[in-house]
Every structure is written in structure tokens, then in C-alpha cells.
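For reference, the structure discussed in these notes is given below.
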Amino acid sequence: MQISKRVAGIRPSMTLAVSAKAKAMKAQGIDVVGFGAGEPDFRTPEHICEAGIKAIKDGRHGYIVPSSGLPDLKAAVAAYLKRASGLTYEPAQVLIGCGGKHTLYEAFLSALEPGDEAILPAPYWVSYPEMIRLADAREVILQAGASQGFKITPKQLADAITPRTRVFVLNSPSNPTGVVYTCAELRALADVVAGKDIWVFSDEIYNELVYEGVDTCSFAAVRDDLMKQTVTFGGASKSWAMTGWRIGWAAGPADLIKAMGNLQDQSTSNPTSISQYAAIAAVSGPTEPLAKMKVEFDRRRIYMIDRLNAMPGVKCVRPRGAFYCFPDVSGTFDRVLGSGVTGPRSAAWSAKVLEEAKVAVVPGGAFGDDNCVRLSFATSMAQIEKGLDRLEKFLKG
Ligand SMILES: *Cc1c(COP(=O)(O)O)cnc(C)c1O
């Protein structure tokens with residue numbers, strides 16, 4: 001029987017492959033330190049859980065109209081984006097989806113025709129290329145390696161634009177690099193695309209996790225004329241430790257948001273009603289729990305950067321956002337792998353480190369940079385110390 005080419009072509013997530021192997025080792029009783037997690041290790045703050053529980057007890061469990069999200073949550077997200085990013089959106093310009101990932105998928109599907117091109121800086125979040133391909137379009141990768149601080153230049157962007165370019169994807173703060181573009185850098189990129197027939201998909205899901213007081217902005221805020229071509233993506237998962245609740249949002253021009261809403265109407269319908277009530281509490285409620293998590297992430301971040309950079313052959317571009325380090329470990333490839341490794345070396349390296357040092361990291365090849373690996377610091381300080389001790393010993397040994 002037939003499986004469509006569109007779906008058969010989806011590449012399995014390398015991030016999940018490593019965590020599956022680490023889990024299998026743990027199940028055998030092996031003490032593995034996992035740096036693979038792409039989610040906060042904190043529990044959802046109490047007041048948010050209470051709002052979810054109240055929604056259940058109040059009987060808010062029926063179909064909710066409209067399927068594009070609760071009006072109260074759209075209004076709360078619009079108010080939040082105003083407060084946090086200085087962006088002015090009407091509630092009708094906001095779509096509530098089943099996680100940020102889902103709203104991004106809906107956006108690619110709504111914006112791209114077969115054969116269109118989407119410009120994608122690498123390192124990139126694993127799901128973007130697959131989403132672009134599911135829309136029968138093609139990703140045009142702009143390599144931004146460690147030597148350029150994992151940031152693309154305006155010239156790279158300008159040179160990549162063709163008559164088929166329909167979307168430019170930007171993710172700052174970045175998963176996997178933790179790199180944050182400054183307002184000036186965003187403005188220089190904006191100057192390249194402003195006024196062109198190109199959507200900018202600005203994935204700002206880590207907007208609350210910016211350290212060292214970096215002077216950063218929301219992309220749509222850096223020029224007056226960007227609102228009509230930019231979609232701002234966010235969600236509850238990362239900032240409020242709500243990954244499993246599955247609430248994300250997109251805010252942008254009403255016509256595209258409406259198209260995405262129609263797609264959602266005929267596919268998932270509304271995101272879980274209970275989660276939407278909890279998300280209202282998240283974006284409108286007290287900010288102290290978030291501030292506390294951020295302080296703890298920051299402490300671990302600094303510790304991890306310093307430890308990694310002290311290891312032989314390891315160089316880590318300083319992450320100033322999100323909860324990841326993305327060190328270049330290519331200086332250790334020959335020693336760790338010997339010569340004659342065919343195929344992606346970051347994957348072979350990660351497999352060896354998992355087997356021998358009992359430390360799980362994610363191969364950079366999954367994100368479009370085979371010199372690097374990703375370590376998440378969304379795990380306890382004790383685990384971080386233990387894992388980095390093991391890695392250091394392994395690399396020195
Ligand atoms: C985690 C993540 C998302 C979306 O996560 P959801 O749980 O679907 O909201 C989107 N973009 C990036 C870069 C992420 O890391």
C-alpha cells in the first residue's frame with residue numbers, strides 16, 4: 001500500500017534518536033547524564049496549574065468557538081506582546097495553536113506554494129526544514145558557523161533572495177546556539193527584506209530567556225513598516241515551563257492569520273481548552289516564577305560555558321539566550337573518532353560519548369552544523385557538574 005512521498009520523506013528527528021538511546025541505557029540501570037532535553041526542568045508555576053484545575057472544575061471542557069483560540073487568551077497574548085515586545089496587535093491578528101511548533105507548521109503551509117523557497121539560517125531548529133518540505137517548498141540554507149558567531153550577515157541574506165523567495169525564517173534567541181541578535185543586527189537584516197514580497201517568520205519562543213542584558217528587540221519592532229510582512233511566533237512552553245500543555249501563538253497580518261486559522265479549523269480545531277485557561281494565567285499573571293527560573297538558568301549557563309571552554313579542543317560561542325550551549329568539538333574529532341569515519345561526525349562523536357562517558361548530547365548535524373553538539377542546561381546543577389566532569393575526563397583521557 002502507498003505512503004505518500006510527502007510524508008515518507010520526513011527525516012526522523014536526530015534529537016529524539018539520541019534521547020531514545022539514552023533512555024534505553026537508563027532503563028538498563030546505566031547512570032547516564034542527559035544534556036539532550038529541549039525543555040525546562042522546572043514544574044509549571046503553581047498559579048498556572050491552579051488556573052487549569054479551575055477550568056476543569058468549572059466545566060470548561062466543551063468545544064470552544066472559535067477554533068482559532070479563546071478570545072480572552074488572544075487578548076491576553078496581544079497585551080503580553082505589547083508589554084514584552086512593544087508590538088501592537090488586535091486580538092484578530094493572534095492565532096492560538098497547539099504549541100509554537102504547530103503554528104509554525106500552519107504558517108509554512110499557508111504561505112508557501114510548491115517550488116517556493118524559504119531562506120533558513122543554519123544552525124537551525126530541527127523542525128523548520130521538514131515543515132518547509134511538507135509545504136512542497138525548498139529550504140535555502142545560509143551557513144552561519146561559529147566563526148561568524150552563528151549569525152548571518154545582511155549580505156548573505158541579500159545574496160540568497162531570488163524571485164521564488166517567499167519566507168525568511170529567523171530564530172532569536174536561537175535553538176540550538178543560544179545566540180541572540182541585537183536590535184542593530186536585526187535592523188540591518190530588516191533593511192534587506194523590508195518592502196519585498198517576503199514573509200518574515202520570527203520565532204521568538206525564547207524571548208523571555210535573554211541574559212547579560214543584551215540589547216535585543218522583536219523583529220517586527222525594528223522598523224515601522226515590518227508589521228505587514230512579519231509573523232511573530234511565541235508560546236507558553238519555554239518561558240513558563242509548559243511544554244506538555246501545548247499552547248503556542250502566532251501574531252501577524254490578519255489575512256495570513258485567518259488563513260492559518262482556517263487550516264486549524266479543519267485539522268485540529270481548538271487547542272485544549274483547559275490549557276488555554278492556564279495560558280491566560282501564564283501571560284497575564286505574576287512574573288516572579290519566570291524571573292526565578294531565569295536566574296537559575298543563567299547560573300548554570302555561565303558555569304557550563306566556562307567548563308566547556310576549558311576542555312581541550314572545545315570552543316563555545318557564548319550563548320546569551322535560551323538554555324543551550326552549542327560548542328564546536330571538531331578539534332577533538334580525530335582523537336575521539338580516529339580517522340576513516342564516514343558520515344556525520346557529530347553523530348559518531350555523540351554516540352561514542354554516550355557509550356563511553358555516559359553523557360548524552362545532541363549531534364550538531366541535526367541542526368545543520370556537523371562541527372558542533374548541543375548541550376542543554378535545563379537540568380540540575382548537580383547533573384551539569386557530573387556530566388561535565390565526565391566529558392572533561394573523557395576528552396583528556
Ligand atoms: C521548543 C521550540 C518551539 C515550540 O515549542 P512548542 O512546545 O511547540 O511550543 C519552537 N521553536 C523553537 C526554536 C523551539 O525550540
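Which one is farthest from Arg374 (Cα to Cα), of the residues in the range 320-334 that are touching a helix residue (DSSP H, G or I) at 6+ places or on another chain (Cβ under 8 Å) and open to solvent by 10 Å² or more (accessible area, probe 1.4 Å)? The qualifying residue farthest from Arg374 (Cα to Cα) is Ser330. For Ser147, the criteria (1) open to solvent by less than 40 Å² (accessible area, probe 1.4 Å); (2) more than 17 Å from Thr103 (Cα to Cα); (3) more than 16 Å from the ligand (Cβ to nearest atom) hold in every case but one, which is (1).
Is there a residue in the range 237-244 that is in a helix (DSSP H, G or I) and farther than 26 Å from Ser174 by Cβ? No, the range 237-244 contains no residue that is in a helix (DSSP H, G or I) and farther than 26 Å from Ser174 by Cβ. Test Tyr124 against the criterion of being assigned by TED's automatic domain parsing to the domain that holds Met260 and touching a strand residue (DSSP E or B) at 6+ places or on another chain (Cβ under 6 Å), and give yes or no. So Tyr124 does not fit the description; no.
Among the residues of the range 99-112, just one is among the hydrophobic types (A, V, I, L, M, F, W, C) and within 8 Å of the ligand (Cβ to nearest atom), namely Leu104. Checked against (1) out of contact with any Cys (no Cβ under 7 Å at 6 or more places or on another chain); (2) among the polar types (S, T, N, Q); (3) under 20 Å from Lys101 (Cα atoms), Ser284 passes all but condition (3). Put simply, of Glu117, Glu106 the only residue that is buried (at least 24 other Cβ atoms within 10 Å of the Cβ) and touching a residue at least 40 places away in the same chain (Cβ under 8 Å) is Glu106.
Within the range 157-168, is even one residue touching a helix residue (DSSP H, G or I) at 6+ places or on another chain (Cβ under 6 Å), modelled with pLDDT of 95 or more and within 16 Å of the ligand (Cβ to nearest atom)? Yes: one or more hits. Taking the numbered list (1) over 26 Å from Ser202 (Cα atoms); (2) surrounded by fewer than 20 Cβ atoms within 10 Å (Cβ to Cβ); (3) modelled with pLDDT of 95 or more in turn, His61 passes all entries but (3). Scanning the range 219-236 for residues that are surrounded by fewer than 22 Cβ atoms within 10 Å (Cβ to Cβ) and not hydrophobic (A, V, I, L, M, F, W, C) gives Arg223, Asp224, Asp225, Lys228, Gln229. The residues of the range 83-98 that are within 15 Å of the ligand (Cβ to nearest atom) and touching a Pro at 6+ places or on another chain (Cβ under 8 Å), listed by number, are Ile96, Gly97, Cys98. Would you confirm whether or not the range 254-267 contains a residue that is within 25 Å of Gly364 (Cβ to Cβ) and touching a strand residue (DSSP E or B) at 6+ places or on another chain (Cβ under 6 Å)? Looking through the range 254-267, none of the residues is within 25 Å of Gly364 (Cβ to Cβ) and touching a strand residue (DSSP E or B) at 6+ places or on another chain (Cβ under 6 Å). For the range 304-319, the criterion of being crowded, with 20+ Cβ neighbours inside 10 Å, under 24 Å from the mean Cα position of the chain (by Cα), of a type in the set (Asp, Glu) and over 15 Å from Lys396 (Cα atoms) is met by no residue.
Among the residues of the range 185-212, those identified as within 14 Å of the ligand (Cβ to nearest atom), in contact with a helix residue (DSSP H, G or I) (Cβ under 9 Å, 6 or more places away or on another chain) and of a type outside the set (Val, Ile, Thr) are Phe201, Ser202, Asp203, Glu204, Asn207, Glu208, Leu209. Across the range 158-215, the number of residues qualifying as on the phi > 0 side of the Ramachandran plot and open to solvent by 10 Å² or more (accessible area, probe 1.4 Å) comes to 3. For Asp215, the conditions (1) part of a loop (DSSP other than H, G, I, E, B); (2) acidic (Asp, Glu); (3) within 16 Å of the ligand (Cβ to nearest atom) all hold with the exception of (3).
The values are calculated or read from the model by the stated rules, or taken from the named source; none is laboratory data. This is a predicted model, so every value here is computed, not measured. As a convention, Cβ positions derive from the backbone with ideal geometry for all residues, glycine included, and neighbour counts pool all protein chains shown. Accessible surface is based on the protein model in full, side chains and every heavy atom, while ligands, DNA and RNA are left aside. Shrake-Rupley method; radii C 1.70, N 1.55, O 1.52, S 1.80 Å.
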